[in-house]
Amino acid sequence: MQSVSRILDVLGRYPTLRQYMPSVAAQQRRVDERLRHIVQRTELFAEFDTLVGEIGSGLLLVEGPAGAGATTLLCQLAQQRGYPLWLPDDDLGEGLAALCAQIIAAHDLPIAVVPPAAGRDSSATELLIAEAAARRPANDPLIILVDAPPPLYAAHPPPLPIHMPPGAVLVYTTSDPSAPPPVEPAARLRLPTAGPVLIRSLVEAAMAHGLAKQTAAHVAAHSGRSFLYVALACSLIEQGIIQRRALPEGLAALHSIWWGQIGQRGQDVARLLAVAAEPLPLPLLAEASGTTAPALAKMLRGWGALAELHDGHAALYHHVTRAFVAQQGDLQPAHAALIALGRARFGQDLDLLPQAERYLTHHLSRHIALSQPYDGEASAPLIQRSWVLAQERRAGDLRQAAQDAAWVARATAGQDLDMMIRAAITGGTLTTLSRRMLPDVGGDAFVAALDRGEPREVALRRMRALLDQLPDGREKALVLRRLGEICFERGFRTQAMRLLAEALDLEVPGLPRTWRDEREEAQVTLARAALTANAYDRALGITVRIAHPERRGMIETEVVRHLIASGNLTRAEEVAHAIGHEHTHEWAMAEVAAGHARAGQTRRFREVLGTLKTDTASAWARSELACDAARRGDTAAVEQVALITNERLRHQALGLVAQALVVGGQPPSALMAARMITQREVRVRTLIDLALLKAPNAPVALGLAYDDVRLIGDDEHMPLTVLLATAYATIGDLAAAMHTVEMLDEGEERDRGYSRVAAALARAGELDTGVRIALSIPDADERDWTLHELVVAYGNAGKVERAAELLEKIADDAQRARAMADLCIARARGGRIAGAITAIGQIGPSAERARALSGMAESMVTRGFEARAETAREMIADIAARSRYTLALTVALAGAGQIDAAERMARLADRPLDRARALVACARASAQPDAARAARLLGAALLHAAALGRSEIVAVVTAAADLLVMLGGTELLLSAAHALDEVDSWWG
């Protein structure tokens with residue numbers, strides 16, 4: 001088994017992983033420090049091994065009060081057994097990526113590249129863990145050690161790999177009972193807080209620090225059962241801060257004595273160290289505290305083990321000390337001092353901070369975000385182009401800029417909706433752009449995999465999975481080109497050409513086309529939300545940002561439609577006239593013409609109609625007005641469309657008028673209009689439509705259609721014959737339906753006809769007849785599809801037993817699972833909740849179970865089965881499917897007004913994007929009774945989405961479009977549209 005230091009050596013053999021060596025080395029230094037005065041706690045190791053053997057996989061939670069030795073236990077396990085270890089306090093900002101590098105190196109995975117999304121999306125890390133676990137021997141699980149991130153480690157919690165595959169165990173520490181673990185633990189290892197074994201270990205720990213046995217026993221007796229107390233007390237005794245014979249009781253009292261002796265200057269320094277995100281450079285700390293670096297170093301050495309000095313940097317040793325300092329008074333002056341330091345050096349031009357000022361460039365946003373009261377003016381520059389580009393120049397990538405935006409979003413959540421939205425959109429975009437893979441890294445990893453004998457297609461598939469995590473653009477194109485060149489050199493010509501062609505497509509300057517489409521579709525949604533709020537000018541203000549002419553014209557036409565409906569014809573005509581896209585301009589003007597006619601403005605109707613240049617738009621306007629007349633029973637409507645010169649358009653118009661005449665109570669005239677259509681296929685469809693409208697002359701219409709169908713050629717004969725047979729079945733003429741089907745060729749075509757007739761009979765209530773026909777269908781696929789339709793129909797009719805009988809006759813497993821899911825939904829909507837939930841256990845595929853439960857969610861909530869609905873999550877093994885069901889259940893709870901339950905359920909969603917969407921549903925439900933709560937929930941949703949990337953934040957913003965109007969008016973819609981435009985323009 002490899003130790004941590006051994007993993008460092010292994011990492012050095014992988015050129016593609018060497019960038020993570022400093023992070024692992026820093027964590028190794030912490031391991032060495034923790035083990036310097038270690039005592040062996042064999043009883044904990046034995047219990048640990050027992051628990052791992054019992055659970056096999058899942059989360060093993062190590063619980064104990066702060067200072068009880070949880071982190072030290074992880075360090076021991078890592079050093080002695082070589083388990084991958086993540087200590088967030090000591091990872092140099094690399095986070096989960098360094099943990100992934102350890103897993104890759106320790107298990108010699110074929111593609112030695114850390115997933116680009118590892119630090120953002122837990123599913124990427126989980127897939128890597130599953131691959132590593134699969135390479136281990138049976139009964140030897142992959143064990144991963146993670147120390148709980150400290151409070152305010154980042155703007156949002158890191159995406160821990162919480163869903164462990166078989167053969168993988170995540171060991172996670174916690175010292176805060178109020179902080180729930182990331183997922184329900186499979187087992188808990190509770191560190192002892194009493195007993196002779198613990199006392200003996202505390203004495204041994206004190207002796208390891210150099211105390212005599214009697215003094216060590218005295219220290220242990222006053223320690224409050226804390227190993228941290230022992231370490232600190234031994235150090236403070238050596239420094240003379242406390243006396244051996246006057247030991248304080250417990251950690252709090254120990255800290256109080258230290259606090260009382262360090263004076264005001266020392267307390268100011270302690271506060272600066274308590275708010276620091278990482279060790280502070282001594283010159284920076286000295287300047288912020290108004291002292292000199294040598295004096296500061298001397299002061300900190302006098303604090304013993306409570307403070308650390310390493311490589312010119314200072315920090316408080318343990319988060320317990322940081323928490324104690326925070327309890328002694330307001331920390332805002334410390335945040336303000338560090339912010340003022342940056343401003344004093346560079347004024348308002350914070351983007352001019354040099355790279356040498358690493359601490360300020362990395363953590364200024366955090367200090368601004370944590371300052372109270374919130375300062376919007378201080379936050380605004382951190383999401384502007386100059387700051388983002390300066391951060392990219394200093395760091396070489398956009399990870400730090402993304403973190404800055406996340407801190408701004410966190411600070412503004414629930415306080416400044418406008419800036420929160422802009423920060424979230426900026427942060428999500430930067431998060432995606434920060435996912436990188438250098439061409440040489442990808443190429444070297446691919447070559448190494450091939451040289452080791454990895455099958456070509458397998459290696460390519462693994463590389464493609466990693467590349468899919470990268471944003472489209474030039475950098476991804478360079479990696480694809482490198483892979484294509486390697487394939488070409490190795491004789492993989494087909495793969496090479498495919499990769500090189502894809503690279504060529506992505507090398508277009510500026511942002512990828514998919515981003516533009518995504519942005520503009522979002523702006524369409526925002527404009528529609530403004531339209532729904534009757535804010536027409538706001539909608540146009542958003543629409544003008546859409547560059548694609550047809551897409552812009554489409555939403556402008558919708559504005560025209562809304563203006564017409566509100567009676568503002570003059571404004572509608574102005575907007576329609578200004579539409580630049582020719583086709584949508586014509587349609588919008590046609591709608592304006594129809595609006596004038598309906599308003600009785602005949603002269604203006606003719607004038608606008610005369611401006612139309614296309615037959616299609618003119619014919620549409622005429623047919624719309626003719627249909628209006630036909631619905632009023634005016635048979636002269638036929639004459640209005642008979643004058644259309646274009647034959648195809650005239651036939652379409654006659655078909656629409658014929659249907660409108662049926663609605664207007666003129667079936668004979670409707671039949672006459674249909675018979676005026678000379679194109680046989682159009683006439684058949686029109687006649688069938690008339691029959692399906694339950695016209696009194698439906699049999700006559702279908703008889704005419706039958707005569708036409710017999711004369712139609714091959715391409716349209718089969719679909720129209722099936723449609724006609726279905727229509728006969730719908731109006732109750734089974735004999736004619738069966739006779740029509742027999743017009744089809746025997747085999748697949750005729751089986752399709754019988755299938756659709758049986759389904760039509762089921763919809764008409766003739767279930768038993770439909771079953772008889774379905775069971776006679778020779779083709780298994782058609783028969784299974786039809787039986788599925790009949791199962792649903794019987795379920796909707798409340799005949800569950802008969803539906804269950806038919807289920808057994810469906811041969812295909814997948815089709816039967818879909819039918820069972822639909823039957824469960826039907827049973828639930830019919831009030832048979834308990835039986836439906838029980839029946840779900842018989843559905844095999846997780847996706848179908850989740851679909852059934854999602855369809856049942858509203859019924860379960862409205863009928864008082866919330867508890868059963870929640871426990872039903874355990875019936876879904878697939879993580880993604882369970883997450884989708886959790887989202888559906890949250891929406892149902894929120895819709896029923898159970899907002900507290902909905903919020904709790906939302907936070908159980910396994911996937912962050914589903915969690916964000918669920919929180920939006922909770923916010924929407926709470927907007928009216930509690931706008932402040934809705935703003936807080938929306939902020940949480942945006943933070944979740946921004947941490948994932950651009951597509952996710954765009955999806956959540958658009959899903960919350962109506963909510964933005966509720967909370968801040970249509971101005972927020974315009975702000976969101978502007979933010980999407982602005983951040984894209986930085987790279988466009």
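Here are the numbers:
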{"read-out": "Tally, over region 695-705, of residues that are open to solvent by 40 Å² or more (accessible area, probe 1.4 Å) and in a helix (DSSP H, G or I)", "value": "3"}
{"read-out": "Any helices (runs of 4 or more DSSP H) falling wholly within region 831-919 and containing at least 3 residues that are in contact (Cβ under 8 Å) with a residue 12 or more places away in the chain and hydrophobic (A, V, I, L, M, F, W, C)", "value": "833-840, 846-862, 879-895, 899-906"}
{"read-out": "Residue ranges of helices (runs of 4 or more DSSP H) in region 287-400 with at least 1 members open to solvent by 60 Å² or more (accessible area, probe 1.4 Å) and aliphatic (A, V, I, L, M)", "value": "332-346"}
{"read-out": "Condition met for SER951 (free of Cβ contacts under 8 Å to residues at least 60 places away in the same chain, open to solvent by 10 Å² or more (accessible area, probe 1.4 Å) and closer than 30 Å to GLN469 by Cβ)", "value": "no"}
{"read-out": "Residue match in region 667-680 (condition: in a helix (DSSP H, G or I) and among the β-branched types (Val, Ile, Thr))", "value": "no"}
{"read-out": "Cβ pairs under 7 Å, 6+ apart, first in region 670-683 and more than 14 Å from VAL700 (Cα to Cα), second open to solvent by 40 Å² or more (accessible area, probe 1.4 Å) and assigned to a loop (DSSP other than H, G, I, E, B)", "value": "ARG680/LEU711"}
{"read-out": "Breaking point among (1) outside the structural domain of HIS363 (by the TED database); (2) in contact (Cβ under 8 Å) with a residue 40 or more places away in the chain; (3) surrounded by fewer than 22 Cβ atoms within 10 Å (Cβ to Cβ); (4) more than 19 Å from GLU507 (Cα to Cα), for ASP416", "value": "(1)"}
{"read-out": "Residue in region 887-903 that is touching an Asp or Glu at 6+ places or on another chain (Cβ under 6 Å) and either more than 24 Å from ALA764 (Cβ to Cβ) or crowded, with 24+ Cβ neighbours inside 10 Å (or both) present", "value": "yes"}
{"read-out": "Count - residues of region 184-221 that are in contact with a Phe, Trp or Tyr (Cβ under 9 Å, 6 or more places away or on another chain) and either touching a residue at least 60 places away in the same chain (Cβ under 8 Å) or surrounded by fewer than 17 Cβ atoms within 10 Å (Cβ to Cβ) (or both)", "value": "4"}
{"read-out": "So ARG545, is it in contact with a His (Cβ under 9 Å, 6 or more places away or on another chain), basic (Lys, Arg) and not in a helix (DSSP H, G or I)", "value": "yes"}
{"read-out": "Index of the failed condition, HIS37 passing every other in (1) open to solvent by less than 30 Å² (accessible area, probe 1.4 Å); (2) more than 32 Å from the chain's Cα centre (by Cα); (3) not β-branched (Val, Ile, Thr)", "value": "(1)"}
{"read-out": "Residue match in region 233-243 (condition: under 18 Å from THR71 (Cα atoms), crowded, with 18+ Cβ neighbours inside 10 Å and in contact with a Lys or Arg (Cβ under 8 Å, 6 or more places away or on another chain))", "value": "no"}
{"read-out": "Condition check for ALA839: among the hydrophobic types (A, V, I, L, M, F, W, C) and surrounded by fewer than 23 Cβ atoms within 10 Å (Cβ to Cβ)", "value": "yes"}
{"read-out": "Exclusive hit being farther than 24 Å from THR616 by Cα and open to solvent by 20 Å² or more (accessible area, probe 1.4 Å), set LEU724, LEU692, LEU744", "value": "LEU692"}
{"read-out": "Tally, over region 955-988, of residues that are closer than 22 Å to GLU475 by Cα and open to solvent by less than 30 Å² (accessible area, probe 1.4 Å)", "value": "4"}
{"read-out": "Positions within region 439-472 being without any contact (Cβ under 8 Å) to a residue 24 or more places away in the chain, within 30 Å of GLU518 (Cα to Cα) and not in a helix (DSSP H, G or I), in sequence order", "value": "ASP468"}
{"read-out": "Hits in region 288-311 (condition: farther than 21 Å from GLN239 by Cα and either assigned by the TED database to the domain that holds ALA337 or touching a helix residue (DSSP H, G or I) at 6+ places or on another chain (Cβ under 6 Å) (or both))", "value": "ALA288, SER289, THR292"}
{"read-out": "Given (1) touching a Cys at 6+ places or on another chain (Cβ under 7 Å); (2) more than 30 Å from ALA877 (Cα to Cα), index of the condition GLU903 fails", "value": "(2)"}
{"read-out": "Residues being closer than 18 Å to TRP785 by Cα and either in a loop (DSSP other than H, G, I, E, B) or among the polar types (S, T, N, Q) (or both) - total across region 734-757", "value": "2"}
{"read-out": "Only one of LEU625, LEU656, LEU609 that is touching a Cys at 6+ places or on another chain (Cβ under 6 Å) and within 24 Å of HIS562 (Cβ to Cβ)", "value": "LEU656"}
{"read-out": "Filtered residues of region 920-957 (kept if closer than 15 Å to ALA423 by Cα and outside any helix (DSSP H, G or I))", "value": "GLY949"}
{"read-out": "Wholly enclosed helices (runs of 4 or more DSSP H) of region 64-161 bearing at least 1 residues surrounded by 24 or more Cβ atoms within 10 Å (Cβ to Cβ) and under 26 Å from the mean Cα position of the chain (by Cα)", "value": "96-107, 122-134"}
{"read-out": "Whichever residue in region 485-517 is over 30 Å from SER985 (Cα atoms) and open to solvent by 50 Å² or more (accessible area, probe 1.4 Å) and, among such residues, is nearest to the chain's Cα centre (by Cα)", "value": "ARG498"}
{"read-out": "Scan of region 904-939 for residues that are buried (at least 24 other Cβ atoms within 10 Å of the Cβ) and of a type outside the set (Gly, Ala, Ser), ordered by number", "value": "MET905, ARG917, LEU919, VAL920, CYS922, LEU937, LEU938"}
{"read-out": "Unique match (being polar (S, T, N, Q) and open to solvent by less than 20 Å² (accessible area, probe 1.4 Å)) among SER776, SER755", "value": "SER755"}
{"read-out": "Every residue from region 521-550 that is among the acidic types (Asp, Glu) and more than 20 Å from the chain's Cα centre (by Cα)", "value": "ASP537, GLU550"}
{"read-out": "Residues located in region 567-618, provided they are of a type in the set (A, V, I, L, M, F, W, C), assigned to a loop (DSSP other than H, G, I, E, B) and surrounded by 14 or more Cβ atoms within 10 Å (Cβ to Cβ)", "value": "ILE579, LEU612"}
{"read-out": "Candidates GLU520, GLU475 - the one that is within 28 Å of ILE425 (Cα to Cα), open to solvent by 20 Å² or more (accessible area, probe 1.4 Å), in a helix (DSSP H, G or I) and touching a residue at least 24 places away in the same chain (Cβ under 8 Å)", "value": "GLU475"}
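The values are calculated or read from the model by the stated rules, or taken from the named source; none is laboratory data. Being a predicted model, the structure only gives us computed values, none of them experimental. Cβ coordinates were reconstructed from backbone atoms using ideal geometry, including for glycine residues, and neighbour counts include every protein chain displayed. To get the accessible areas, we keep the full protein, side chains included, count just its heavy atoms, and leave off ligands, DNA and RNA. Shrake-Rupley method; radii C 1.70, N 1.55, O 1.52, S 1.80 Å.
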